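Asker: Once you've had a glance at the structure underneath, I'll fire off some questions.
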Amino acid sequence: MAEIPGRSVTSKVVALFDAFGPDSPELTLNELSARTGLPLSTAHRLATELVAWGGLERCEGAGYRVGLRMWELGSLAPRGESLRDVALSVMQDLFEGTKENVHLAVCQDSQALYIEKISGAGALLVKSRRGGRLPLHATGVGKVLLAHAPKEVQAKVLAAPLARFTRHTIVEPGRLVRVLDDVRGTGVAFAYEELTLGSLSVAAPIRDASGAVVAALDVVLHTTGGRPERLAPAVRTAAITISRALRDQQIRSHP
């Protein structure tokens, strides 16, 4: 891949970090060069400087991985950490009551960004991970976030082809619009085997001190775990509790 002319140093560094992902946590220098379009010499120079700073780490052999310095910086992001700090104890209570996966997510770049996850040995194995992203239209938290997202975000998601993950995934824009109307009306969202067969989720919105929906909370369990509607009151109560804490601490989505 030829390097794009006129790229700034910042864009090159960002491209290096963007090359990593859940399926590629370690990359060789050749792989970094190929994924970013940077010449091998440029990728090597920047990677060496990032290793010295702590943004990247050398793996055994010839590979690189994201360094702990990036985790330290990420922990300073006020929106995610303030939400997480307030929500964590409530999420733990919800997990203790259900013994199922509990997630906290926000909307980022038209995706659901998971900022916290609590799980246990007996909980269903799911695709989510802290710091990971999943589609809005096929997840419980995603439907909540999309239902309350700005109109331009909704239009962007609905205009793009909706990926089908299972035979239950909602890929018809008109049908998804009706589902989002229900979410706003009932205050709860459900996802039945729409991302992964055998799993279902129940989600509810979290509001900040201004009343805006800034996050979503859900419980994900196996389809054999009973009727998800029975979990809706517990999930809604937990989300309301977190919302009240955000209100009491005057935490808003933006300063």
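Asker: Determine if region 153-171 includes at least one residue that is open to solvent by less than 60 Å² (accessible area, probe 1.4 Å) and within 20 Å of ALA232 (Cβ to Cβ).
Answerer: yes
Asker: Moving to a separate point now. Restricting to region 48-68, what's the tally of residues that are assigned to a strand (DSSP E or B) and hydrophobic (A, V, I, L, M, F, W, C)?
Answerer: Residues flagged as assigned to a strand (DSSP E or B) and hydrophobic (A, V, I, L, M, F, W, C) within region 48-68 amount to 2.
Asker: Do any residues in region 38-54 that are more than 16 Å from ALA19 (Cβ to Cβ) have Cβ atoms under 8 Å from those of residues that are surrounded by 14 or more Cβ atoms within 10 Å (Cβ to Cβ) and modelled with pLDDT of 95 or more, where the two are at least six apart or on different chains, and which pairs are they?
Answerer: Correct list of pairs: empty, since none qualify.
Asker: So which residues in region 202-235 are of a type outside the set (A, V, I, L, M) and closer than 15 Å to MET91 by Cα, if there are any at all?
Answerer: Within region 202-235, PRO205, ASP218, PRO233 meet the criteria.
Asker: Looking only at strands (runs of 3 or more DSSP E) that lie completely in region 122-234, which have at least 3 residues being farther than 17 Å from SER110 by Cα?
Answerer: Strands (runs of 3 or more DSSP E) meeting the threshold: 189-192, 199-207, 213-222.
Asker: Would you check which residues across region 232-255 are at pLDDT below 90, within 22 Å of the chain's Cα centre (by Cα) and open to solvent by 70 Å² or more (accessible area, probe 1.4 Å) and list them?
Answerer: ARG252, HIS254, PRO255
Asker: Here is a follow-up. For the list (1) open to solvent by 70 Å² or more (accessible area, probe 1.4 Å); (2) at pLDDT 85 or above, I need the number of the one condition that ARG69 fails.
Answerer: (2)
Asker: Quick check on my filter: what residues within region 195-206 are more than 13 Å from LEU146 (Cβ to Cβ) and either open to solvent by less than 30 Å² (accessible area, probe 1.4 Å) or at pLDDT 95 or above (or both)?
Answerer: Answer for region 195-206, where residues must be more than 13 Å from LEU146 (Cβ to Cβ) and either open to solvent by less than 30 Å² (accessible area, probe 1.4 Å) or at pLDDT 95 or above (or both): LEU195, GLY198, SER199, LEU200, SER201, VAL202, ALA204, ILE206.
Asker: Quick check: anything in region 215-231 open to solvent by 20 Å² or more (accessible area, probe 1.4 Å) and hydrophobic (A, V, I, L, M, F, W, C)?
Answerer: Scanning region 215-231, I find at least one residue that is open to solvent by 20 Å² or more (accessible area, probe 1.4 Å) and hydrophobic (A, V, I, L, M, F, W, C), so the answer is yes.
Asker: For SER89, are the conditions met, namely being over 18 Å from SER11 (Cα atoms), within 20 Å of the chain's Cα centre (by Cα) and modelled with pLDDT under 80?
Answerer: Answer is no for this residue.
Asker: Moving to a separate point now. Can you find even one residue in region 6-24 that is farther than 22 Å from LEU68 by Cα, surrounded by 14 or more Cβ atoms within 10 Å (Cβ to Cβ) and at pLDDT below 90?
Answerer: yes
The values are calculated or read from the model by the stated rules, or taken from the named source; none is laboratory data. Everything quoted here is computed from the prediction, not taken from an experiment. Heads up, the Cβs are rebuilt from the backbone with ideal geometry, glycines too, and the neighbour counts pull from every protein chain shown. When the accessible area is computed, the model is the full protein with side chains, heavy atoms only, and any ligands, DNA or RNA have been set aside. Shrake-Rupley method; radii C 1.70, N 1.55, O 1.52, S 1.80 Å.
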